[in-house]
Amino acid sequence: MTEKLPAPVAKPKPISKKIRAAIDAMVSGDAKTITDAAEKAGISREHLSRELGRPHIAKLLHDKTARNLSIHAAKAGATKVDLMSSAIDMVRDRASSFVLGLAGIAPDAAAGHQHRGGGSRAGYLIDLRDEQTVPGLVIVVHEKAPAPAAAGMVIDVTPNPSS
């Protein structure tokens, strides 16, 4: 009777204290570059760069970064909520739109672009197409988007709402 034995569990590869210190400096923001991190850990930049290319060390860096971001996500969320009370209209608008987007509430894209006063913004589309009857390029300016889009290139030149 042949019984399958469980596969041996691979022992995690060791990571030196200096490499861990360099990774911690990078994740915490104490080191802005690999050179800074290597200097803080007391190793050469080349050695740290080589080590960061190893899969088990790259995984450690990724895991520590993900943990750090998840911890600070609450602070970032609180900042966005605080910005909704700003005295500046644009800051309040962007913060509230961001928070609503996270909640899955977004303006209906099918209703068209909206501006502060409500309704659609003024805008134009330039339809560039190569007509067979006229030699050269024909430019047709539409007040609203043609339905369906004409064969050729259509460029939206509607003014940017932030300007």
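How charged is the neighbourhood of F98? Take every other residue with its Cβ under 12 Å from the Cβ of F98, and add Lys/Arg as +1 and Asp/Glu as -1.
It works out to a net charge of +2.
For segment 1-109, take every pair of Cα atoms, bin their distances at 5 Å starting from 0, and report each bin as a whole percent.
For segment 1-109, the pair-distance distribution reads 2, 10, 14, 13, 9, 9, 9, 10, 10, 7, 3, 2, 1, 1, 0, 0.
With a 1.4 Å probe and every protein chain left in place, work out the accessible area per residue of segment 25-95 in Å², rounded to a whole number.
Numbers: 4900 Å² over 71 residues.
Here the residues of segment 25-95 average 69 Å² of exposed surface.
When Lys and Arg each count +1 and Asp and Glu each count -1, what net charge do the other residues less than 11 Å away from D24, Cβ to Cβ, add up to?
Residues near D24 contribute +4 overall.
How big is the accessible area of V99 in square angstrom, nearest 10, if you roll a 1.4 angstrom probe over the protein chains?
40
In whole percent, how big is the carbon plus sulfur part of the accessible area of segment 1-46, probe 1.4 Å, protein atoms only?
Working: 2210 of 3850 Å².
C and S atoms contribute 58 percent here.
Once label points are set 7 Å from the Cα along Cα→Cβ at both V9 and D82, what is their separation, rounded to one decimal in nm?
Inter-label distance under the simple model: 4.3 nm.
In nm, to one decimal, how far is the modelled label at R45 from the one at K75, with both set 7 Å along Cα→Cβ?
2.8
How much length, in nm to one decimal, is gained on full extension between R20 and D89, taken as 0.36 nm per residue of separation minus their Cα-Cα distance?
Roughly 20.4 nm would be gained on extension.
The values are calculated or read from the model by the stated rules, or taken from the named source; none is laboratory data. A quick note: this is a predicted structure, and the numbers were derived from the prediction, not measured. Backbone-built Cβ (ideal geometry, glycine too); neighbour counts: all protein chains shown. Keep in mind that these areas ignore ligands, DNA and RNA; they rest on the heavy atoms of the full protein, side chains included. Shrake-Rupley method; radii C 1.70, N 1.55, O 1.52, S 1.80 Å.
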